[in-house]
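Notes for the one structure printed next.
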Ligand code: A3P
């Protein structure tokens with residue numbers, strides 16, 4: 001993957017992040033009004049962060065002078081796993097409430113205080129075929145540790161075996177899915193594809209979930225549309241901060257987070273046989289859970 005992975009409690013972690021994730025697991029102190037954006041990477045995290053942040057801050061900033069116009073969503077909503085691995089956890093502690101925080105940890109490894117305080121959790125998942133393609137392109141941009149990118153066919157095999165950053169993807173998704181079934185008022189489970197299809201509905205649902213629903217006046221004034229527009233792929237991709245900005249000196253430029261957007265790019269990178277194989281893995285893994293992830297099945301796409 002052009003990054004080294006280490007297995008910890010059933011999941012594969014980027015080696016550079018793992019010590020921070022473990023420290024976070026042990027030391028992070030949640031607050032009751034924290035909201036957590038959670039995901040397996042490349043599933044729509046950046047978009048969900050932007051939407052959640054825009055919703056919560058909508059009365060604080062006018063839309064034409066909103067922080068998301070000059071800051072990447074990962075600056076507005078920090079990835080805790082990264083903050084803990086770079087010694088910037090004090091910045092998380094210093095954030096004023098209510099905080100919106102992000103993690104890629106699977107549910108089983110979340111810090112205890114998040115669970116014991118019953119914090120609001122928002123999880124997003126995506127068709128695994130598109131997650132894989134998105135991951136592969138992202139890692140080709142990373143080239144950290146002097147490692148060369150791997151061919152797509154090799155990435156495909158590793159991904160199917162669960163050997164990918166924060167993989168196995170299915171276990172990651174299932175843990176949150178099951179928790180969302182047990183505690184629907186505390187765990188909101190979203191799919192990237194339904195966000196694409198019905199952004200207005202999802203934005204209203206998100207606002208309700210985090211405790212700041214849109215008023216009838218706001219709806220009439222088009223505030224829901226403003227949030228959707230501010231966070232849309234085309235808008236975010238076109239912002240100067242997301243064209244040439246960088247989160248950290250050694251990291252990719254922000255444009256790597258806004259590659260193509262949309263569903264179904266896997267068709268341009270997988271032959272039908274590969275896609276069918278990955279769909280089968282997904283179906284087997286999710287069997288009996290009541291969850292489906294193959295947004296556009298191979299047969300439907302043919
Ligand atoms: P692609 O690589 O398929 O284009 P994550 O944020 O979890 O890393 O996921 C990245 C994926 O979300 C990328 O997919 C990226 O283009 C897409 N994305 C980023 N911002 C988006 C937005 N505002 N709306 C829709 N998709 C977005």
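None of the figures in this text is laboratory data; all of them are computed from the coordinates on show. This structure is a prediction, so every number in the text was calculated from the model and none was measured. Cβ coordinates were reconstructed from backbone atoms using ideal geometry, including for glycine residues, and neighbour counts include every protein chain displayed.
The DSSP beta bridges internal to the chain are antiparallel in roughly 25% of cases.
Sorting the Cα pairs of segment 1-148 by distance into bins of 5 Å, from 0 upward, gives 2, 9, 17, 21, 22, 15, 10, 4, 1, 0 percent per bin. The helix-based estimate of mean residue ellipticity at 222 nm for the chain, built from -39,500 (n - 2.57) per DSSP H run of four or more residues and divided by its residue count, is -13000 deg cm²/dmol to the nearest 500.
To two decimal places, what compactness ratio does segment 152-302 give when its Cα radius of gyration is scaled by 2.2 N^0.38 Å?
Details: Rg = 18.4 Å, N = 151, 2.2 N^0.38 = 14.8 Å.
It is 1.24.
Protection proxy ranking of 268-281, 236-249, by the mean of other Cβ atoms within 10 Å over each peptide's residues and highest first, is 268-281, 236-249.
Using Cα pairs closer than 8 Å and at least 6 residues apart in sequence, work out the relative contact order for segment 225-302, in percent. Relative contact order for segment 225-302 comes out at 17 percent. Per residue, the convex hull around the alpha carbon atoms of segment 170-249 comes to 149 Å³. Considering segment 1-77, its Cα convex hull presents a mean projected area of 7.0 nm². I need to check one value: relative contact order of segment 88-236, counting alpha carbon pairs closer than 8 Å and at least 6 residues apart, in percent. With pairs under 8 Å counted, the relative contact order is 26 percent. Taking a ≥ b ≥ c as the square roots of the eigenvalues of the Cα gyration tensor, the chain is rounded, since a/c falls below 1.5.
Remark: segment 48-132 is approximated by an ellipsoid whose semi-axes, taken from the C-alpha gyration tensor as √(5λ), come to 22, 18, 14 Å, largest first.
As a rough guide to protection, the peptides 55-66, 114-125, 32-43, 253-264 ranked by mean Cβ packing within 10 Å, highest first, stand as 32-43, 114-125, 253-264, 55-66.
Across the chain, C-alpha contacts under 8 Å between residues 6 or more apart give a mean separation that, scaled by the residue count, equals a relative contact order of 25 percent.
Averaging the Cα positions of each part gives two centres, and for segment 68-89 and segment 198-233 these lie 24 Å apart.
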